[in-house]
Amino acid sequence: MLILIETPAGFALFQVANTKALNKIDNIYDYLQNEKQAKKLVTPFAFQQFKDTQEALVATSKLINGKIPKKLSKFLEKNVISQEVQDQIAVQDKKLAKQLQEQLGLNCIQTPVTEQLFRGIRSQLTNLIEGLSESELKNMTLGLAHGLSRYKLKFSTEKVDTMIIQAIALLDDLDKEINNYMMRLREWFGWHFPELGKIITDNLIYAKVVKAIGMRIKTSSTDLSGILPENLEADVKQAAEVSFGTEITVEDEKFILCLADQVIELTDYRSQLSEYLKNRMQAIAPNLTTMVGELVGARLISHAGSLVNLAKYPASTVQILGAEKALFKAIRTKHNTPKYGLIFQASLVGSAPAKLKGKVSRTLAAKTALCIRYDALGEGQDAEFGITNKSFLEKRVHQLEEGVNYRDVKAPQRGKAKPIQSQNQYQDDADFQPQGANWMQKFQKGEDKRQASQEIVQRTQQKRVKQQ
């Protein structure tokens with residue numbers, strides 16, 4: 001039996017002369033920790049060393065992707081296939097073993113015994129392979145690890161949608177923090193000036209007013225014209241004179257103003273981050289942004305992990321992306337499945353009537369899936385494709401609101417066209433249609449008072465003569 005080992009130094013083949021002896025050993029890994037025992041049980045068969053770290057990096061990257069490196073393929077053809085070695089080859093990686101069986105026709109095996117052999121041989125590599133020192137193996141391992149890390153990071157930096165994923169996550173976190181801080185500021189300053197919260201509803205303006213006036217007694221002497229319109233400024237100053245809030249100290253005012261500064265700074269940073277996210281989405285996925293907006297598009301990309309992963313999803317998955325819990329719960333309880341997920345936040349779905357939201361979301365998901373694939377795999381950098389699809393969707397929503405449904409229009413029935421026997425055939429057939437018994441028999445008996453045309457009477461008589 002041969003054992004294939006992939007090391008940072010190169011590819012190695014070891015041979016186990018007596019495979020029956022393996023069954024007699026209780027713990028193969030402990031048995032191979034002894035150098036003499038390891039050399040008796042396992043002998044080197046062939047070794048191919050890498051020339052440099054770059055060659056090791058190329059071979060390792062292909063092994064990670066489940067492919068056979070050219071270096072390994074030539075090594076096995078030279079030492080196994082050309083010499084017509086019929087022994088089984090133990091391979092640790094399942095994907096690599098499958099590829100070797102399919103492409104090179106080798107007999108690869110994987111057993112619990114071979115797993116212990118791999119561990120034991122790797123611990124004795126420097127003793128089993130001549131010319132390979134411990135320090136050299138460590139340097140090769142370290143160089144390969146650094147090269148492989150740089151190789152992965154290189155692809156990660158080019159994958160610019162990572163910035164979108166981080167930006168939308170931070171934007172959601174900022175919304176939560178700003179809401180918490182604002183709720184605390186309103187409650188804290190509300191004990192001192194409770195009327196201000198009813199007059200000013202906007203959070204950012206409220207924080208700016210608190211920072212401007214500080215204590216309630218300073219309101220009359222503070223100029224708020226740069227923050228509030230004249231009518232609100234007059235209401236605030238009038239309310240401050242008759243306010244029934246509690247008094248606060250200078251130290252209380254200090255910490256309240258610090259909290260107001262935090263709210264203002266976070267709000268400004270959020271607006272800058274929102275603009276950054278909008279520009280990023282316009283550059284990376286312009287058609288997706290046109291269809292559903294930058295926020296919904298960024299959340300779809302973040303939920304899928306990347307734009308390429310999102311492009312692999314069908315339209316039905318894009319439609320319910322974000323509603324996985326509701327979907328599996330509906331399947332488990334045998335109820336109706338959800339009609340939309342994150343795509344519900346799109347303006348087209350939100351503005352549609354309640355009874356049409358399912359149809360609009362399905363149509364929007366179909367067109368959005370096309371736009372995602374165009375952005376991820378297409379060469380164009382403009383948003384014309386998205387603009388065209390969005391105009392179609394707007395017309396479709398308008399038709400649905402008016403009650404027009406293409407499914408209600410039945411397709412024409414297929415069949416062979418019959419030749420016209422006479423000019424008055426269609427009119428005659430429309431005027432004289434048989435109902436139940438033959439209408440001509442009723443006419444002859446006097447039951448039907450309608451007058452048949454001479455042409456139809458002659459045609460009926462000719463048919464009777466032929467039947468007789």
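Observations on the model:
- Boolean, Arg184 is touching a His at 6+ places or on another chain (Cβ under 7 Å) and open to solvent by 20 Å² or more (accessible area, probe 1.4 Å): no
- Filter result for Tyr276 (modelled with pLDDT of 95 or more and more than 18 Å from Ala346 (Cβ to Cβ)): no
- Positions within the range 378-398 being of a type outside the set (Gly, Ala, Ser) and over 26 Å from Ala323 (Cβ atoms), in sequence order: Glu379, Gln381, Asp382, Glu384, Phe385, Ile387, Thr388, Lys395, His398
- Members of the range 221-238 that are open to solvent by 60 Å² or more (accessible area, probe 1.4 Å) and either part of a loop (DSSP other than H, G, I, E, B) or in contact with a strand residue (DSSP E or B) (Cβ under 8 Å, 6 or more places away or on another chain) (or both): Ser221, Asp223, Ser225, Gly226, Pro229
- Where a residue in the range 119-139 is over 13 Å from Ile5 (Cβ atoms) and its partner, wherever it lies, is open to solvent by less than 60 Å² (accessible area, probe 1.4 Å), with Cβ under 6 Å and at least six apart: Glu134/Thr126
- For the range 270-281, filtered to residues that are in contact (Cβ under 8 Å) with a residue 40 or more places away in the chain and out of contact with any Leu (no Cβ under 7 Å at 6 or more places or on another chain), the residue that is surrounded by the most Cβ atoms within 10 Å (Cβ to Cβ) is Met281.
- Single match in Lys218, Lys198 (criterion: surrounded by 12 or more Cβ atoms within 10 Å (Cβ to Cβ) and among the basic types (Lys, Arg)): Lys218
- Taking the criterion of being small (Gly, Ala, Ser) and part of a helix (DSSP H, G or I), the residues of the range 239-294 that qualify are Ala239, Ala240, Ala260, Ser271, Ser274, Ala283.
- Search result, residues across the range 124-139 that are open to solvent by 50 Å² or more (accessible area, probe 1.4 Å) and assigned to a helix (DSSP H, G or I): Asn127, Glu134, Ser135, Glu136, Lys138, Asn139
- Residue list for the range 312-346, restricted to those being among the polar types (S, T, N, Q), in a helix (DSSP H, G or I) and surrounded by 12 or more Cβ atoms within 10 Å (Cβ to Cβ): Ser316, Thr317, Gln319, Gln345
- Glu102 being of a type outside the set (Lys, Arg), more than 40 Å from the chain's Cα centre (by Cα) and open to solvent by 70 Å² or more (accessible area, probe 1.4 Å): no
- Only a single criterion out of (1) open to solvent by less than 20 Å² (accessible area, probe 1.4 Å); (2) assigned to a helix (DSSP H, G or I); (3) at pLDDT 90 or above is not satisfied by Gly147, namely (3).
The values are calculated or read from the model by the stated rules, or taken from the named source; none is laboratory data. Note that the structure is predicted; figures quoted are calculated from it, not measured. So basically every Cβ, Gly included, is an ideal-geometry build from the backbone, and we count neighbours across all protein chains shown. For the accessible areas, the whole protein counts, side chains as well, though only heavy atoms, and no ligand, DNA or RNA atoms are used. Shrake-Rupley method; radii C 1.70, N 1.55, O 1.52, S 1.80 Å.
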